[in-house]
Structure formats: C-alpha cells, structure tokens
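What follows is calculated from the coordinates using simple rules that are stated; it is not laboratory data. The structure displayed is predicted, hence computed values, not measured ones. With ideal geometry, Cβ positions are generated from the backbone for all residues, glycine too; neighbour counts draw on all protein chains shown.
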Amino acid sequence: MNAAPDSIRIAGIVRESIVDGRGLRFVVFGQGCPHRCPGCHNPQTHDFEGGRWVPIRQIAQEIRKNPLLQGVTFSGGEPFCQISAFAELARQVRALPGRLDLTVYSGYTYEQLLALPGASELLALCDYLVDGPFLLAERDLSLRFRGSRNQRYLDLNRSRLAGRPVPVPEQPPLSPRSYARGASLTGIQAHRS
Ligand code: SF4
C-alpha cells in the first residue's frame, strides 16, 4: 500500500468564499488541468508544472483556525488529477472538530469520474460535486456555484444511495449583481468565466 502523500500542488487558496458552494467555505485550487475549456477564467491553473507545493497538514491546520466555516471546496485546475493528495486532505478535514462538508469541482462528468481509475477514493469522501467542463456557449451568470448550464451541482450522498446522479434542489438564481459581489471575495474562479 502506498503511503499517503504529504504535499499537494496548488494554484492558490481562498480562505473565505461564498461562491464555491453553500455557506462560508475554504477553497483549495489545485494546479494542473487537462481540459483547457475555452473561456476558462484561470488559464494559469492549467500548467502541471506551475503553482506551488504545500504541505497538506498545513492546509488542514489553516482550515481548523476558522470556526465560522461551513465547508471546504476543492477546485482547480482539476482536483481529480491529484486524487491521492486531495483524498488525504479530505481525510484530514474529516478528522477536524465539527463536520465540515466537502465540495469538489471537476471538468469530468460524474459518469466519467465513476469510470476514472482511482477517482472513487476522492469521490467517496466528498458530499457535493460540481461536474463537467465550462462551456462558453452555455455560460450563465445566474447559476448558483456553476458557470455554464451543462454543469451539475450534485448531492453525492444521495447519488450514492440512489445509484444515479441526484442534483441538489435548485434555489432562486443569483442576480448577476450579487454574483459579482461574491466573486470579488475570491479573486479566483476556476471552472467559471
Ligand atoms: S474551467 Fe475548470 S475544467 Fe475547464 S479548463 Fe478551467 S480549470 Fe479546467
């Protein structure tokens, strides 16, 4: 059995976000993405040699410092290009006091992830998935937590029980104005444009 990785290659961290899943969230942007979606807001996250290596334990300790967090989001880049590292971070978040929920973004669809070797290690630790590539032709600023209409916001716990992808029930769409206000908190928005 391989030892769990102790570091992860990241493009950046946003310590408090309200646009990357429900509630106040700590967001880890992985470095490296193979999808190259036209219109991607963060092409600097694509290079697998870019970003920086950070100890996973250091990220978990930072998360622990903020008692106001509802959850942690793994974004990118493509988190499923670093399955073992994000899975180790997920396990360390799970071991923290309280119950932070875990949301993961991916340019792969849920169905593709089910077939991707090793992806189940990370999928099984997460509560929500925003799936699919950003498609410029389907861009919609009113969508909650997504950039284009093809992307789905899935409840992974319900999906596992049902044996099919189960979307989180829709809520009233955000106005472009409120979206823009939230976006300014993060300064980085992979998977969206
Ligand atoms: S939108 Fe997301 S999946 Fe697409 S290229 Fe950008 S980081 Fe990769």
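Report whether or not F80 is touching a residue at least 24 places away in the same chain (Cβ under 8 Å), hydrophobic (A, V, I, L, M, F, W, C), within 12 Å of the ligand (Cβ to nearest atom) and assigned to a helix (DSSP H, G or I). Yes. Listed by position, the strands (runs of 3 or more DSSP E) inside the stretch 1-64 whose residues that are surrounded by fewer than 21 Cβ atoms within 10 Å (Cβ to Cβ) and touching a residue at least 12 places away in the same chain (Cβ under 8 Å) number at least 1 are 7-17, 52-55.
Of the residues making up the stretch 142-158, not one is buried (at least 16 other Cβ atoms within 10 Å of the Cβ) and more than 17 Å from the chain's Cα centre (by Cα).
Looking for something at positive phi and not in a strand (DSSP E or B) - is there at least one such residue anywhere in the stretch 91-107? I'd like the intermediate steps shown before the answer.
Keep residues of the stretch 91-107 that are at positive phi, which gives 98.
Now narrow it down to the ones that are not in a strand (DSSP E or B): 98.
So far as the stretch 91-107 goes, yes, one or more of its residues are at positive phi and not in a strand (DSSP E or B).
Checked against the criterion of being over 15 Å from the mean Cα position of the chain (by Cα) and within 16 Å of the ligand (Cβ to nearest atom), the stretch 50-68 contains one or more residues that satisfy it.
Please enumerate the residues belonging to the stretch 121-131 that are surrounded by 14 or more Cβ atoms within 10 Å (Cβ to Cβ) and either of a type in the set (K, R) or not in a strand (DSSP E or B) (or both). Give the steps one after another, and end with the answer.
At the first step, the residues of the stretch 121-131 found to be surrounded by 14 or more Cβ atoms within 10 Å (Cβ to Cβ) are 121-123, 125-131.
Across the stretch 121-131, the qualifying residues are E121, L122, L123, L125, C126, D127.
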